[in-house]
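Chemist: To start, I am sharing the structure in question, which I have written as structure tokens.
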């Protein structure tokens, strides 16, 4: 007998489900049999779009910058003259202090893209007549994401900003100079000297993020990493047919129906010899190092797709021993092209035979099409499981 299930019944059934899927859609007026199906379905992912020529703000997880504290204001050299007293003594005020350059950890900041190559604080104002001191310069506060590490050029860790509101004074401002009134004494009733404000501290720092994203998409150029990120998030990395379209990482946020957000990074493509800095490999591998989990994106349009996985894991382990052993997913992209399904099965058979590759049987091997949005829901489901098991 066919029974009609109202909106409330379906909602109650879905609420009792143990598996959380991204952004569940509820349909009112669903006909079902006596056995209710409680499998939640994700909202249709954002449609694939071609190349957009609008300016894209890149994600930056490493910066080398010069920080300069503000200069102190000069002291004033002045003598007071009154109508009834022409020589009323020295009245030069002190100069104001220069501002500091301060890093502050802020929850709302996700990238280092807003930092400039040179960050300088304002200078203090000079002293004035009639014993008036110059104004102290305001501090130059730079908000950085939580988990930011500040290093010296030699690699020494100077500060780690892990909590909201943590501060690090990167460069102190110079002290203001003393006016000639400061030097007034019984021995010197008319001091004719004043100090010049001190220069602020200037130094070079390396600022980097401990963690860039929860998961990183890694693969060879033109494997479809940018297309996959477009399909699962609102990020808009450029997509083209030529290699190395992506030269900077892009981070997209995936929102699930329990309001949990998972950050996924599109890492620029690697090539054989990346650990020797071929194709800017060292900088690209540094991005992967800051991802908690790895998603291998394999191109199923070429022959012998398992060779891509072997080369990728080799480059990761050559750069940092054990980097390829992080929690992983294996995604075969372009499953919609002819012969891709057979290549995916060959890949699974190869991995089941060759245990020295390092991919165990418990790691999911998924087939997706980022262009036609095939297999995206299953990928998001396994991504959330990996997040729950290894990140939370």
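The values are calculated or read from the model by the stated rules, or taken from the named source; none is laboratory data. Just so we're clear, the structure is a prediction, and the values are computed from it rather than from any experiment. Because the Cβ atoms are built from the backbone with ideal geometry, glycine has one as well, and the counts that use them run over all protein chains shown.
Chemist: Out of curiosity, is residue 300 surrounded by 23 or more Cβ atoms within 10 Å (Cβ to Cβ), at pLDDT 85 or above and over 21 Å from residue 385 (Cα atoms)?
Modeler: So residue 300 fits the description; yes.
Chemist: Same structure, new question: Could you tell me which residue of the stretch 240-260 is modelled with the highest pLDDT, considering only residues that are outside any strand (DSSP E or B) and buried (at least 21 other Cβ atoms within 10 Å of the Cβ)?
Modeler: 249
Chemist: Okay, moving on. Looking at (1) under 30 Å from residue 328 (Cβ atoms); (2) assigned by TED's automatic domain parsing to the domain that holds residue 116; (3) surrounded by fewer than 24 Cβ atoms within 10 Å (Cβ to Cβ), which is the only condition residue 185 fails?
Modeler: (1)
Chemist: Within the stretch 198-205, is even one residue in contact with a helix residue (DSSP H, G or I) (Cβ under 9 Å, 6 or more places away or on another chain), in contact (Cβ under 8 Å) with a residue 40 or more places away in the chain and crowded, with 16+ Cβ neighbours inside 10 Å?
Modeler: no
Chemist: If I filter the stretch 129-146 for residues that are surrounded by 18 or more Cβ atoms within 10 Å (Cβ to Cβ), over 19 Å from residue 109 (Cβ atoms) and in contact with a helix residue (DSSP H, G or I) (Cβ under 8 Å, 6 or more places away or on another chain), do I get at least one hit?
Modeler: no
Chemist: Consider the stretch 307-329. How many of its residues are touching a helix residue (DSSP H, G or I) at 6+ places or on another chain (Cβ under 7 Å) and under 21 Å from residue 391 (Cα atoms)?
Modeler: 6
Chemist: Could I ask something else about it? When you scan the stretch 330-352, do you find a residue that is under 23 Å from residue 391 (Cβ atoms), at pLDDT 90 or above and assigned to a strand (DSSP E or B), even just one?
Modeler: Among the residues of the stretch 330-352, at least one is under 23 Å from residue 391 (Cβ atoms), at pLDDT 90 or above and assigned to a strand (DSSP E or B), which makes the answer yes.
Chemist: Quick check on my filter: what residues within the stretch 224-239 are in contact with a strand residue (DSSP E or B) (Cβ under 7 Å, 6 or more places away or on another chain) and at pLDDT below 85?
Modeler: Across the stretch 224-239, the qualifying residues are 234, 235, 237.
Chemist: A follow-up question, please. Are any residues in the stretch 99-129 under 20 Å from the mean Cα position of the chain (by Cα) and in a loop (DSSP other than H, G, I, E, B), and if so, which ones?
Modeler: The answer is 106, 107, 108, 109, 110, 111, 112, 113, 114, 115, 116, 117.
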